[in-house]
Structure formats: C-alpha cells, structure tokens
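The values are calculated or read from the model by the stated rules, or taken from the named source; none is laboratory data. Everything numeric here is computed off the predicted structure, so don't read it as measured data. Cβ atoms come from the backbone with ideal geometry, glycine included; neighbour counts cover every protein chain shown.
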Amino acid sequence: MTSPANPSPMNRTEIADLYFLEHRARLLDLAAFLDRYDRADDDTGTDDFRLTALRNAIALLIDGSGDRTARVLDLMSDHSTEPIDQAGMKGACGTPPPGTG
Amino acid sequence: MKYIDPHIHMVSRTTDDYRRMALAGCVAITEPAFWAGFDRSSPQGFLDYYRQLTDTEPRRAAQYGIRHHCWICVNPKEAEDAGFAREVMSLIPEFLQKENVLGVGEIGLNKNSRNELVILEEHLALAEQHDQLVLVHTPHLEDKLKGTRLIMDAIKANTSLDPGRVLIDHVEEHTVREVLDRGFWAGMTLYPDTKCTPQRAADIIEMHGTERLWMNSAGDWGDSDPLAVPKAIVEMRRRGHDTASIEQVSWGNPVAFLGQCPRFDAGE
C-alpha cells in the first residue's frame with residue numbers, strides 16, 4: 001500500500017528519462033500557442049483574460065516553490081464563497097472571467 | 001488485471017466500447033445520471049432516461065460480461081429551474097428500488113448558483129430519507145474549488161449523512177486533500193484536457209496515498225476515454241508502483257465504497 005506523501009517510486013534520472021521528451025513537446029506546443037496568439041489581429045486592444053492567467057501561471061512554474069499543480073489550479077479558481085444568483089451558462093472558461101466574485 | 005470503472009456514461013458510448021473495456025479487464029461499472037448535452041423538455045424525458053439506465057444498459061453491458069449499476073438524480077446542469085427539477089425528482093423514489101441502482105447521483109453543483117444549491121440539498125434529503133449512498137459531481141475548472149467547498153459545507157450543515165457513504169468526484173490537486181480530510185471518499189476523473197490525466201492521477205496517489213480514493217473515466221459524449229482507467233493502471237505500473245497499491249485504487253476501493261450498497265455486485 002502506498003503511504004501518504006510517498007515520494008515517486010522512481011529517481012530523478014528515471015523520471016527525466018521517462019517524461020522529458022513528452023514534456024519538451026508540450027512546452028513547444030505552449031510556445032507555439034503564445035506565438036500564434038501574438039501573430040493574430042488584435043481585435044480587442046486588451047489581453048484576453050485567459051492568456052493573462054496563463055502567463056501568471058507560467059511564472060509560478062519557475063518561482064522555485066513546489067506544489068505547482070495545486071497552485072496553478074488555485075490561481076485559476078474562483079475564490080468567492082457565496083452562491084451566485086443565477087447560472088447564466090452551463091460551461092466554464094478555465095479561469096475566472098473578469099468581474100467574478 | 002480486472003478493474004472497475006465506477007463512473008462512466010455508457011448511454012453515450014458505443015457497444016464497441018463495451019467490447020474494448022471488457023478486453024482491457026473491466027468487469028463492473030457504475031453509471032451516474034447526468035446531462036445529455038441538451039436540456040430535456042419534460043419529466044417524461046427523464047423517465048425514459050431512468051428506464052434506459054435501469055433496464056437497457058444492464059442488458060447491453062451483460063453481453064460483454066460487465067456488471068452494470070447506476071445512480072439516479074436530476075443533474076446540476078438541469079437544476080436551475082427548481083420547479084422543473086422537483087417535478088422530475090418526484091419520479092426518483094420509484095427508481096431507487098430497482099435492482100441495479102446504488103444510490104443518488106451524480107448530484108452537486110455546476111455554476112454554484114442558489115437554485116443548484118437548493119436542489120442539491122433536496123437530493124441530499126432524499127438520499128438520507130431512503131438511506132442511499134451519494135455520488136457527488138463537483139463543478140468544472142474555475143468553479144471547482146468554490147463548488148467543492150459549498151457542497152461539503154451543505155452536507156455537513158444540513159444532513160446527518162455519514163461522509164463515509166458519500167463520494168466527492170472529479171477531485172484535483174487543489175481539492176483532494178480537503179475532501180479526504182473531511183472524511184469523504186474522493187474520485188479522480190481521467191480526462192484528456194480537463195480534470196486529471198493518468199499521470200497526474202498517479203502523482204496524486206503518490207502525494208496523498210491510496211485510502212478512500214478511486215479513478216474513473218467518466219467517459220461520455222464529450223472528449224473522454226473509456227479506457228482511461230486501464231491507462232492509469234499502466235502509468236502506475238511503469239512507474240514501479242506495487243501491485244497491491246494499483247489493485248486498491250482500481251478494485252479494492254471501489255468495492256469497499258460501492259459494497260456499502262447490498263445491490264452492488266463486482267462478480268467476485
């Protein structure tokens with residue numbers, strides 16, 4: 001049975017061997033997405049709130065602290081505590097739209 | 001390795017998916033009542049859906065040696081019209097008596113609205129009144145953290161439900177600890193783009209242990225993978241997790257939680 005707070009069964013070299021190429025590819029996908037966004041016509045004159053959240057989240061990845069996944073999710077969460085008056089739509093944006101909470 | 005997928009919406013999947021799941025080792029599933037991608041226009045639409053869950057799907061699954069169980073409710077995406085939801089809820093007690101029904105689910109919140117919360121509380125009261133297990137849907141993406149807390153607060157404040165008989169589903173790294181610490185069971189949903197990947201599910205198991213935790217595909221009509229659970233098993237195996245840990249999250253824990261309902265049959 002795995003105990004809570006168990007470290008990975010693999011050592012760091014094994015983790016890099018197993019996952020590096022996959023995540024290198026994902027990093028390039030992210031870079032290409034940001035380039036694609038920059039190349040497009042600026043139709044609003046402001047940064048899309050989702051891109052702003054993404055850039056803020058990227059900064060978390062290299063701030064030297066752990067728990068990156070939870071902190072990224074936390075950054076992209078609605079932190080208000082009261083129910084909203086009415087559900088205006090069924091879907092979600094991935095990060096709180098301006099004016100949330 | 002045999003496994004259970006404790007949350008999958010087979011009404012949205014093809015018979016070929018049943019075949020592939022059986023080949024991958026699936027022997028039992030549970031199917032919560034959910035949103036069809038559009039709002040039903042009448043209680044009769046829900047009645048037909050509940051008949052599909054309790055009659056048609058068990059027979060379809062049995063063709064591949066898979067035991068099919070289900071959960072009944074009005075899902076939170078169709079709870080904003082509280083009057084309509086109550087009309088549909090009046091149909092539920094009859095279906096709670098069906099032989100493959102394990103409890104009330106997947107209830108919860110979607111956009112964390114007042115009406116969603118009211119209907120959630122009425123479902124919880126129904127579950128309490130009929131001594132049912134509860135399967136809880138937590139909201140998507142930016143709404144998850146707030147919704148998970150509102151749901152757990154509602155259960156604690158307004159019911160005497162034993163958290164050991166409630167599974168809070170779709171947990172991620174920012175909600176799993178709080179769910180487990182408050183005594184609930186937790187489900188990790190394995191989705192390609194939203195919720196957890198098999199890799200992150202394995203990470204969560206490494207960080208939080210294997211107690212009161214399960215994995216499911218929540219395969220449905222959207223981007224999802226009915227073979228996500230065996231893929232997570234492979235992910236754990238290739239990292240070197242021991243067989244006992246893998247079996248606990250993919251078999252033992254679902255059997256322990258679902259087995260609290262005497263109707264559950266894993267085919268052991």
Revision key, fill the gap. Residues of region B:134-157 being in contact with a Leu (Cβ under 7 Å, 6 or more places away or on another chain) and closer than 20 Å to B:L96 by Cβ, in sequence order, are B:V134, B:L135, B:V136, B:I155
Review point. Any idea which of (1) surrounded by fewer than 22 Cβ atoms within 10 Å (Cβ to Cβ); (2) out of contact with any Ser or Thr (no Cβ under 6 Å at 6 or more places or on another chain); (3) assigned to a loop (DSSP other than H, G, I, E, B) is the one B:P139 doesn't satisfy?
Key: (1)
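Considering only region A:25-39, I want to know if a residue exists there that is closer than 30 Å to B:E247 by Cα, more than 7 Å from chain B (Cβ to nearest Cβ) and among the acidic types (D, E). Let's see the steps before the verdict.
At the first step, the residues of region A:25-39 found to be closer than 30 Å to B:E247 by Cα are none.
Checked region A:25-39: no residue is closer than 30 Å to B:E247 by Cα, more than 7 Å from chain B (Cβ to nearest Cβ) and among the acidic types (D, E).
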Study note, to complete from the structure: Apart from one, (1) touching a Gly at 6+ places or on another chain (Cβ under 7 Å); (2) farther than 21 Å from B:R149 by Cα; (3) not hydroxyl-bearing (S, T, Y) all hold for A:D78; the odd one out is (2)
Check your understanding: Any idea how many residues of region A:64-90 are within 8 Å of chain B (Cβ to nearest Cβ) and either touching a strand residue (DSSP E or B) at 6+ places or on another chain (Cβ under 7 Å) or surrounded by fewer than 11 Cβ atoms within 10 Å (Cβ to Cβ) (or both)?
Key -> 7
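Would it be correct to say that B:G252 is within 14 Å of chain A (Cβ to nearest Cβ), in a loop (DSSP other than H, G, I, E, B) and of a type in the set (G, A, S)? If you could, list the steps in order and put the result at the bottom.
Numbers: within 14 Å of chain A (Cβ to nearest Cβ): yes; in a loop (DSSP other than H, G, I, E, B): no; of a type in the set (G, A, S): yes.
No: the conditions fail for B:G252.
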Point to revise | Breaking point among (1) surrounded by 11 or more Cβ atoms within 10 Å (Cβ to Cβ); (2) within 8 Å of chain B (Cβ to nearest Cβ); (3) not aliphatic (A, V, I, L, M), for A:P7 | key: (1)
Practice item. Give just the number: which of (1) within 27 Å of B:L145 (Cα to Cα); (2) modelled with pLDDT of 95 or more; (3) more than 9 Å from every other protein chain (Cβ to nearest Cβ) does A:D47 not satisfy? Key: (2)
**Study point:** Boolean, B:R165 is surrounded by fewer than 24 Cβ atoms within 10 Å (Cβ to Cβ), under 14 Å from B:E106 (Cα atoms) and either touching a residue at least 12 places away in the same chain (Cβ under 8 Å) or away from chain A (no Cβ under 11 Å) (or both)
**Key:** yes
